Amino acid sequence: MEYYELHPETPQLRYINKAVEVLRQGGVIIYPTDTVYGIGCDIYNKEALERIFEIKNEVDSKLLSFICPNLKNIAKYAKVSDYAYRNMKHLLPGPYTFILPASKLTPKILYSKRKTVGIRIPNHQVCLKLVEEFGSPIISTSTTSRRGEILIDPIDIKNVFSSQVDLMLASGSLNGRPSSVIDLSEEEPEVIREGAGDVSLFV
């Protein structure tokens with residue numbers, strides 16, 4: 001596994017580009033977000049997606065969220081109501097995953113049974129620059145141990161995943177609290193998980 005340490009506010013573009021190249025070649029990477037480290041790949045690469053399911057020891061019925069660089073980009077991959085747009089504009093970038101109706105551009109393997117998807121715009125310059133340079137959404141699933149414990153220290157993550165992923169972008173220890181998950185796919189919002197993001201707008 002290639003391993004690079006990046007500045008959290010001004011990430012070195014040469015390391016971002018190395019990760020982009022790995023993604024374009026169908027690889028799997030680890031990168032920081034504003035909550036936990038994410039394991040990711042190109043959402044359109046089926047083999048890479050299957051690798052992530054295997055790494056996470058989960059069947060492909062497990063739903064995976066993905067990262068977009070901005071709200072305009074989200075609208076390509078999901079149907080965003082006026083209500084959803086207003087709230088997302090207020091809260092993003094930030095520690096939230098929003099559940100939205102999927103558009104035809106989103107691969108069906110990422111659909112829930114209700115044809116919804118989970119989308120994030122984390123408030124972290126490394127992953128925002130990464131997805132911007134890549135030009136397409138990137139899967140985001142947390143780095144956890146086999147026992148399901150979230151790993152937040154880069155060295156621990158490196159030791160656990162060194163033989164399973166192709167590259168890691170490290171940026172220090174993270175807070176380790178997962179994103180809040182808000183379902184905006186229906187008329188009434190539903191808080192699925194209360195995490196790092198304030199959910200008071202929706203309760």
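Can you tell which of I67, I39, I52 is touching an Asp or Glu at 6+ places or on another chain (Cβ under 9 Å) and of a type in the set (A, V, I, L, M, F, W, C)?
I52
For the structure I just gave you, tell me whether N45 is under 20 Å from D198 (Cβ atoms), out of contact with any strand residue (DSSP E or B) (no Cβ under 7 Å at 6 or more places or on another chain), of a type outside the set (A, V, I, L, M) and modelled with pLDDT of 95 or more.
No: the conditions fail for N45.
Restricting to the range 151-184, and then to whatever is in a helix (DSSP H, G or I) and touching a Phe, Trp or Tyr at 6+ places or on another chain (Cβ under 9 Å), can you tell me which residue is farthest from R14 (Cα to Cα)?
Selected residue: I157.
Residues R193, R177: which one is out of contact with any strand residue (DSSP E or B) (no Cβ under 8 Å at 6 or more places or on another chain) and either among the basic types (K, R) or buried (at least 20 other Cβ atoms within 10 Å of the Cβ) (or both)?
After applying the criteria, what remains is R177.
Considering the range 131-142 alone, what residues qualify as being part of a loop (DSSP other than H, G, I, E, B) and surrounded by fewer than 24 Cβ atoms within 10 Å (Cβ to Cβ)?
Within the range 131-142, G135, S136 meet the criteria.
Where in the range 1-46 are there strands (runs of 3 or more DSSP E), lying fully within it, with 3 or more residues that are more than 17 Å from the chain's Cα centre (by Cα)?
Where strands (runs of 3 or more DSSP E) fall fully within the range 1-46 and carry at least 3 residues being more than 17 Å from the chain's Cα centre (by Cα), they are 2-5.
Checking the structure you have, find out if any residue of the range 64-83 is under 16 Å from the mean Cα position of the chain (by Cα), buried (at least 16 other Cβ atoms within 10 Å of the Cβ) and closer than 18 Å to F161 by Cβ.
yes
May I ask you to say which residue of S136, S180, S103 is within 30 Å of Q25 (Cβ to Cβ) and under 13 Å from the mean Cα position of the chain (by Cα)?
Answer to the selection: S136.
Out of (1) part of a strand (DSSP E or B); (2) touching a residue at least 40 places away in the same chain (Cβ under 8 Å), what's the single condition that is false for V191?
So the condition that V191 fails would be (2).
Residues of the range 62-80 being part of a helix (DSSP H, G or I), closer than 22 Å to S142 by Cβ and either free of Cβ contacts under 8 Å to residues at least 40 places away in the same chain or touching a helix residue (DSSP H, G or I) at 6+ places or on another chain (Cβ under 8 Å) (or both), which ones?
If the condition is that a residue be part of a helix (DSSP H, G or I), closer than 22 Å to S142 by Cβ and either free of Cβ contacts under 8 Å to residues at least 40 places away in the same chain or touching a helix residue (DSSP H, G or I) at 6+ places or on another chain (Cβ under 8 Å) (or both), then I74 is the only one that fits.
If you go through the range 123-130 one residue at a time, do you hit one that is farther than 13 Å from G38 by Cβ, in contact with a strand residue (DSSP E or B) (Cβ under 8 Å, 6 or more places away or on another chain) and buried (at least 22 other Cβ atoms within 10 Å of the Cβ)?
no
Any residue at all in the range 7-19 that is out of contact with any Lys or Arg (no Cβ under 8 Å at 6 or more places or on another chain), surrounded by 15 or more Cβ atoms within 10 Å (Cβ to Cβ) and within 23 Å of Y77 (Cα to Cα)?
There is at least one residue in the range 7-19 that is out of contact with any Lys or Arg (no Cβ under 8 Å at 6 or more places or on another chain), surrounded by 15 or more Cβ atoms within 10 Å (Cβ to Cβ) and within 23 Å of Y77 (Cα to Cα).
Which of the following residues is small (G, A, S) and within 20 Å of A196 (Cβ to Cβ): S136, S140?
Exactly one residue qualifies, and that residue is S140.
The values are calculated or read from the model by the stated rules, or taken from the named source; none is laboratory data. Because the structure is predicted, anything quoted here is derived from the model rather than measured. Methodologically, a virtual Cβ is constructed for each residue, glycine included, from the backbone with ideal geometry; neighbour enumeration extends over all protein chains shown.
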